[in-house]
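The values are calculated or read from the model by the stated rules, or taken from the named source; none is laboratory data. A quick note: this is a predicted structure, and the numbers were derived from the prediction, not measured. As a convention, Cβ positions derive from the backbone with ideal geometry for all residues, glycine included, and neighbour counts pool all protein chains shown.
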Amino acid sequence: MSERGSGFGGFLLGVMVGAVVGLLFAPEAGEGTRHKLSRRLRDLRDAAEEKADEVRGLLEAEEESEEASPRSTREELQRRLQAARRRRRRRPGEAEVAAADEEEDEPVA
């Protein structure tokens, strides 16, 4: 195993441990912390799904390009942009929920 790969894995482990310790010692009520954590995990899951869809789309596009004539870079970017817009439209109301949650996270003086 290379040093570069093991260093990045250690970094990610450190980030995760730090996040968990930070949440455990947070000065907020347990219910609020659980709400924030579940929301952030949902956002992380959605981002992972988007990346998986993007990779899946790239693999499908590669298979198509081998079978059909090759696409130009511009056409491929336009196709990806349209796919991203379709994914965003499938989740109505999440933008309003995210905006409300951001306001909730503001510290109270």
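Applying the criterion of being surrounded by 12 or more Cβ atoms within 10 Å (Cβ to Cβ) and polar (S, T, N, Q) to the residues of the range 56-100, the residue that is modelled with the lowest pLDDT is 65. Residue count for the range 23-46 under the criterion of being among the polar types (S, T, N, Q) and surrounded by 13 or more Cβ atoms within 10 Å (Cβ to Cβ): the result is 1.
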